[in-house]
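S.K.: I have a structure here, written as structure tokens, and I will follow up with some questions on it.
The values are calculated or read from the model by the stated rules, or taken from the named source; none is laboratory data. Source: prediction; values computed, not measured. Please note: Cβ atoms are built from the backbone with ideal geometry, for glycine as well, and neighbour counts cover all protein chains shown. Heads up: the accessible areas ignore ligands, DNA and RNA and are worked out on the full protein's heavy atoms, side chains in. Shrake-Rupley method; radii C 1.70, N 1.55, O 1.52, S 1.80 Å.
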Amino acid sequence: MSISAGPDVAARAESGAELRDVRVAIVGTGFSGLGMAIRLKQQGSDDFLVLERGEDLGGTWRDNTYPGCACDVQSHLYSFSFALNPDWTHLYSPWDEIQEYLRRCAERFGVASHIRYRSEVTDATWDEEAQRWRITTSQGPLTAAVLVLGNGPLSAPSLPAIPGLAGFQGTLFHSAQWDHAHDLTGERVAIIGTGASAIQFVPHIQPQVGQLTLFQRTPPWIVARRDHPIVPWRRAVYRWAPFAQRSVRALMYWQREIGALALVYRPSMLRSFENLARRHLAAQVPDPTLRAKLTPNYTIGCKRILLSDDFYPTLTRDNVEVVTERIREVRAAGVVTEDGVERPIDTIIVATGFHVTDSPLAQLVRGRGGQLLAEAWRDGMQAYLGAAVAGFPNLFILIGPNTGLGHTSMVYMIESQIAYILDCLRTMERRQIQTCEVRPEVQAAYNDELQRRMRGTVWTSGCSSWYLDARGRNSTLWPGFTYEFRRKTRRFDAASYALTPQEAPRVPAGLRR
Ligand SMILES: Cc1cc2nc3c(=O)[nH]c(=O)nc-3n(C[C@H](O)[C@H](O)[C@H](O)COP(=O)(O)OP(=O)(O)OC[C@H]3O[C@@H](n4cnc5c(N)ncnc54)[C@H](O)[C@@H]3O)c2cc1C
């Protein structure tokens, strides 16, 4: 099939000519944007561009380069189904291997030449007249019939609102923007946050720093990670017999789906998991006072369950202090807690996550009537199948609202959505459709059902987490098995959309050649 409708953009891209109009514009070069581009290419389309604000591809795996950064879903599963990598060196591969994998995918599937680096999307407005998206980027404007956002829910680092943080005179950086030029040797280092990133880098920097102070608001539940190298003979088997790797991947997938059963349908099943985590803590932290500080007081799974073998032992070292007192303020040279104690600090590393429920891109995308996506989401983000939003024709979001997972690989969700969007594009081509826009009543019913299902889940058992928005509504996670999501996204369901037929092509004013 071909979904090409505009000029031969790829050819113009090769020649370096100015780019003005494409059939599909994709934002981002993480698993989402690259996956979308690769699948388009595989379906015979060349009429697309990938807009990337960075200087390299990889998204999460380009930005998160902190010591010890690695995935926490096994690499066999955390990779594209159409591009298994027999050469993963570890069960949970480090960031640079994942980025290299994504680079190889971009080359192998011929999408590298479609990427426009240093092209930050600063505005995307639906042009009613032209029936196209007008997109402004830091490299100039373009228009597109279809806009696919793969800007990532965890790509905008979030700083905590602590008084005085901006006035800190030492070194300050976010874990997703690690300052590799800064030498931590012998320094007094404060870490704010104890989430998935902190537990990975704390064990790596502790031997190097003079004093490490970990400011913890809520302790995470942590279970053993049991990472290990994948020995060369195994890699050879995977290379020689790909079905062996597929079988391992399938096994991992189904083991993890049991997690959904517990998190969503039977939170009582989590009790044995909680006991496992308690035993892990007890085995690694003999000191009862420290253990008490590190014991969560909410049901396991309510916040993300973390994996680590070396975080707890690190916290028992002489140069580490775990502070559970809230931070009152940051001063020029130290951090002051609510009890009035000031600790002198040379470097603060902020590991407080990302803008998840308040994505910056929602402030830049305008649909029908100029309505901002952020405005459409003023009562909380919502979409249909996490991808389509009423009032925003020909717009698709990859891993948009309620597609996040607490138990398995996001790449599975991304590939499900890509298949759905491609089927939509094929349908548009076949039926000569100009615009497709999800019906508001379909979106509303879908979200009512999601929120109804959310009620029995562990995520609503009373903790505060980044899964919840300002109103306490869970607009981030998929409340079900992932195969259920795949089933729902297998085919584009045209009846759920308002479709308008193609008219004679209308080239936007100002872009006429
Ligand atoms: C440290 C860390 C570890 C993780 N580990 C796992 C794991 O083990 N398993 C798992 O399933 N998930 C994991 N995740 C979640 C992970 O984010 C997703 O799995 C996946 O990588 C998201 O891919 P993406 O392409 O949607 O977004 P991203 O990888 O975030 O890519 C988004 C891209 O969009 C670009 N972009 C954003 N805004 C603009 C703009 N305005 N203009 C142009 N370009 C823009 C960004 O520069 C970036 O390149 C992890 C996340 C983090 C932060």
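S.K.: Suppose we filter Leu102, Leu77, Leu142 for residues that are within 12 Å of the ligand (Cβ to nearest atom), in contact (Cβ under 8 Å) with a residue 60 or more places away in the chain and crowded, with 22+ Cβ neighbours inside 10 Å; which single one remains? Let's see the steps before the verdict.
M.R.: Numbers: Leu77 fails: crowded, with 22+ Cβ neighbours inside 10 Å; Leu142 fails: within 12 Å of the ligand (Cβ to nearest atom).
After applying the criteria, what remains is Leu102.
S.K.: OK, next. For region 114-128, does any single residue satisfy the condition of being of a type in the set (Val, Ile, Thr), open to solvent by 30 Å² or more (accessible area, probe 1.4 Å) and more than 24 Å from Ala176 (Cβ to Cβ)? Step through it out loud before you land on a result.
M.R.: We begin by selecting, within region 114-128, every residue of a type in the set (Val, Ile, Thr); these are 115, 121-122, 125.
Subsequent filtering for residues that are open to solvent by 30 Å² or more (accessible area, probe 1.4 Å) retains 122, 125.
Subsequent filtering for residues that are more than 24 Å from Ala176 (Cβ to Cβ) retains 125.
Checked region 114-128: at least one residue is of a type in the set (Val, Ile, Thr), open to solvent by 30 Å² or more (accessible area, probe 1.4 Å) and more than 24 Å from Ala176 (Cβ to Cβ).
Residues checked against (1) modelled with pLDDT under 95; (2) outside any helix (DSSP H, G or I); (3) under 18 Å from the mean Cα position of the chain (by Cα):
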site: Glu375; (1), (2), (3): no, no, no
site: Gly386; (1), (2), (3): no, yes, yes
site: Gly391; (1), (2), (3): no, yes, no
site: Phe396; (1), (2), (3): no, yes, yes
site: Asn402; (1), (2), (3): no, yes, yes
site: Thr408; (1), (2), (3): no, yes, yes
site: Gln417; (1), (2), (3): no, no, yes
site: Leu422; (1), (2), (3): no, no, no
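S.K.: Next up: Does Gly340 fit the bill of being on the phi > 0 side of the Ramachandran plot, among the small types (Gly, Ala, Ser) and surrounded by fewer than 22 Cβ atoms within 10 Å (Cβ to Cβ)?
M.R.: yes
S.K.: Just for region 32-67: of the residues that are away from the ligand (no atom under 13 Å from the Cβ) and not in a loop (DSSP other than H, G, I, E, B), which one is surrounded by the most Cβ atoms within 10 Å (Cβ to Cβ)? Before you say what the answer is, go through the steps one by one.
M.R.: Let us first name the residues in region 32-67 that are away from the ligand (no atom under 13 Å from the Cβ), namely 39-48.
Now narrow it down to the ones that are not in a loop (DSSP other than H, G, I, E, B): 39-42, 48.
Working: Arg39: 19, Leu40: 27, Lys41: 16, Gln42: 13, Phe48: 25.
The qualifying residue surrounded by the most Cβ atoms within 10 Å (Cβ to Cβ) is Leu40.
S.K.: In region 316-362, which strands (runs of 3 or more DSSP E) lie fully inside it and hold 2 or more residues that are among the β-branched types (Val, Ile, Thr)? Walk me through how you get there before you give the answer.
M.R.: Details: elements: 320-323, 327-331, 334-337, 342-344, 347-350.
Those strands (runs of 3 or more DSSP E) span 320-323, 327-331, 334-337, 347-350.
S.K.: Which residue, of Arg239, Arg188, Arg226, Arg246, is touching a residue at least 40 places away in the same chain (Cβ under 8 Å), within 27 Å of Val336 (Cβ to Cβ) and open to solvent by 10 Å² or more (accessible area, probe 1.4 Å)? Give the steps one after another, and end with the answer.
M.R.: Numbers: Arg239 fails: within 27 Å of Val336 (Cβ to Cβ); Arg226 fails: within 27 Å of Val336 (Cβ to Cβ); Arg246 fails: within 27 Å of Val336 (Cβ to Cβ).
Being touching a residue at least 40 places away in the same chain (Cβ under 8 Å), within 27 Å of Val336 (Cβ to Cβ) and open to solvent by 10 Å² or more (accessible area, probe 1.4 Å) holds for just one of Arg239, Arg188, Arg226, Arg246, which is Arg188.
S.K.: Give the residues of region 312-355 that are over 14 Å from Gly164 (Cβ atoms) and of a type in the set (Gly, Ala, Ser), sorted by residue number.
M.R.: Within region 312-355, Gly340, Ala351, Gly353 meet the criteria.
S.K.: Of all residues in region 375-391, how many are farther than 21 Å from Ser416 by Cα and touching an Asp or Glu at 6+ places or on another chain (Cβ under 8 Å)?
M.R.: 2
S.K.: A further question follows. Could you pull out the residue among Ser93, Ser32, Ser113, Ser81 that is touching a Cys at 6+ places or on another chain (Cβ under 8 Å) and at pLDDT 95 or above?
M.R.: Numbers: Ser32 fails: touching a Cys at 6+ places or on another chain (Cβ under 8 Å); Ser113 fails: touching a Cys at 6+ places or on another chain (Cβ under 8 Å); Ser81 fails: touching a Cys at 6+ places or on another chain (Cβ under 8 Å).
Within the list Ser93, Ser32, Ser113, Ser81, the selection yields Ser93.
S.K.: With the condition kept exactly as written, say whether any residue in region 434-442 is assigned to a loop (DSSP other than H, G, I, E, B) and either within 30 Å of Leu84 (Cα to Cα) or within 21 Å of the chain's Cα centre (by Cα) (or both).
M.R.: Step one: list which residues in region 434-442 are assigned to a loop (DSSP other than H, G, I, E, B), which gives 439.
Next, only the ones that are either within 30 Å of Leu84 (Cα to Cα) or within 21 Å of the chain's Cα centre (by Cα) (or both) stay: none.
No, region 434-442 contains no residue that is assigned to a loop (DSSP other than H, G, I, E, B) and either within 30 Å of Leu84 (Cα to Cα) or within 21 Å of the chain's Cα centre (by Cα) (or both).
S.K.: So, in region 407-449, of the ones that are crowded, with 19+ Cβ neighbours inside 10 Å and charged (D, E, K, R), which residue ends up nearest to Leu77 (Cα to Cα)?
M.R.: Checked region 407-449; the qualifying residue nearest to Leu77 (Cα to Cα) is Glu415.
S.K.: Could I ask something else about it? Write out, first by first residue and then by second, each pair whose Cβ atoms fall under 6 Å of each other, whose residues are 6+ apart or on separate chains, and whose first residue, in region 25-51, is closer than 16 Å to Leu395 by Cβ while the second is of a type in the set (Ser, Thr, Tyr) and surrounded by fewer than 24 Cβ atoms within 10 Å (Cβ to Cβ).
M.R.: From region 25-51, the pairs are Leu51/Ser119; Leu51/Thr137.
S.K.: OK, next. Filter region 215-225 down to the residues that are outside any strand (DSSP E or B) and within 15 Å of the ligand (Cβ to nearest atom), then identify the one that is farthest from Asp310 (Cα to Cα). Even if it seems obvious, please write down each step before you answer.
M.R.: Of the residues in region 215-225, the ones outside any strand (DSSP E or B) are 216-221, 224-225.
Restricting the remaining residues to those that are within 15 Å of the ligand (Cβ to nearest atom) gives 220, 225.
Details: Pro220: 14, Arg225: 9 Å.
The residue in question is Pro220.
S.K.: Restricting the first residue to region 361-381 and requiring it to be open to solvent by 60 Å² or more (accessible area, probe 1.4 Å), which pairs with a second residue that is in a strand (DSSP E or B) and away from the ligand (no atom under 15 Å from the Cβ) meet a Cβ separation below 7 Å and a spacing of at least six or different chains?
M.R.: If the second residue must be in a strand (DSSP E or B) and away from the ligand (no atom under 15 Å from the Cβ), the pairs left are Arg366/Trp126; Arg368/Trp126.
S.K.: Moving on to the next point. Of Gln200, Gln208, which residue is open to solvent by less than 60 Å² (accessible area, probe 1.4 Å) and of a type in the set (S, T, N, Q)?
M.R.: Gln200 is the lone residue from the list that is open to solvent by less than 60 Å² (accessible area, probe 1.4 Å) and of a type in the set (S, T, N, Q).
S.K.: Looking at region 272-282, is at least one residue without any contact (Cβ under 8 Å) to a residue 60 or more places away in the chain, closer than 25 Å to Ala190 by Cα and surrounded by 15 or more Cβ atoms within 10 Å (Cβ to Cβ)?
M.R.: yes
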